[in-house]
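What follows draws every value from the coordinates through simple rules; no lab data is involved. Only a predicted model underlies this, so the values are computations on that prediction, with no experimental measurement involved. Neighbour counts run over all protein chains shown; Cβ positions are idealised from the backbone, glycine included.
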Amino acid sequence: MKIDRLIGILSILLQKGTVTAPELAEKFEVSRRTINRDIEDLCMAGIPIATRQGAGGGISIMDGYAVSRTVLTAPEMRDILAGLRSLDSTSGTNRYRTLMEKLSAGSSDFLSGDQSVLIDLSSWYKSSLAPKIQAIRDAIDGCRLLTFTYYSPYGETKRAVEPYYLIFRWGSWYVWGWCRSKEDFRLFKLNRLEGLTLTDERFERRDAPLPDLGDERVFPANIHVVALFESECKWRLVEEYSSGCYEVQSDGRLLFTQDFTNGENLITWLLTFRDKVRLIEPKELRRELHDALVGAAKQYE
């Protein structure tokens, strides 16, 4: 949509200072003539945009100008603010709030008590995540190689990665990049990597595909589970899988059905319910669950 492109051009001008029309045309996949018309529309909206010809020239916004709040509606500004505040919650800084103040021309009514959406992306790992996120952002911006130790169910390995995307998904942060040891693009969970180092080695940008983050792709559900839970477990089942995951039986117990990806994770999850659950299917995992319980009991004999 045109309005989305206008807002995008405005954002780029605010961040980069000066860009050329061909750069904007390539970025938004439109013609240079379309970009020129967009610049005229922004000028007509009251945004003072200057153009300079020749080497070092380009399109820029005049110094000291902040975007008028008439460019965006109040609900749109509040939604943007909610998103920017959520990014501040990962670092404990006001970096994005400061950006928002520039976008809203210091208009306090957008920045105070009328906020109805609050997003907090911080976690128990905030103190360790914040420097990792900053290092990865610097690496992406500067095309610099990252090295770290990565911990997985298969052990720990040393990795050298060319980063392309910083991602928040499934309640956690990830970095997507080209892993030199695997010679392929890989997704790394930030909580599993340690010793993150931003090296001075620079890399040539590859044609990096967007990661396929569909649940079916990353977490293929190939284990069909049937289990019987005591009624007092209802709140957890609703919280984690919604009320449609079980059927209430005549004795009040809950017949739970769900597809899982990993048998080990399933057993670990079931153990958190102690004696309030009985696994019915799959039968082959009943033996593993039994052995896990016996092994745990031996620890306390």
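Largest first and in whole Å, the equivalent-ellipsoid semi-axes of region 219-298 read 20, 16, 11, each the square root of five times a Cα gyration tensor eigenvalue.
Modelled spin-label separation between Ser172 and Val248, with each label point placed 7 Å from Cα along the Cα-to-Cβ direction: 3.5 nm. Other residues whose C-beta falls under 12 angstrom from the C-beta of Ala160 contribute a net charge of +3, scoring Lys and Arg +1 and Asp and Glu -1. Pairs of alpha carbons in region 126-211 separated by more than 14 Å make up 60% of all such pairs. In this simple spin-label model, placing a label point 7 Å from the Cα along the Cα-to-Cβ direction at both Lys158 and Gln134 gives a separation of 2.7 nm. Of Lys189/Lys283; Lys158/Lys189; Lys234/Lys298, which pairs sit farther than 24 Å apart, going by alpha carbon to alpha carbon? Over 24 Å apart, Cα to Cα: Lys189/Lys283; Lys234/Lys298.
Suppose we look only past 20 Å in the calculated P(r) of region 2-61. What percent of the Cα-Cα pairs does that tail hold? Every Cα pair in region 2-61 considered, those over 20 Å come to 12 percent.
Taking label positions 7 Å along the Cα-Cβ direction at both Asp207 and Asp259, the computed distance is 3.3 nm, reported to one decimal.
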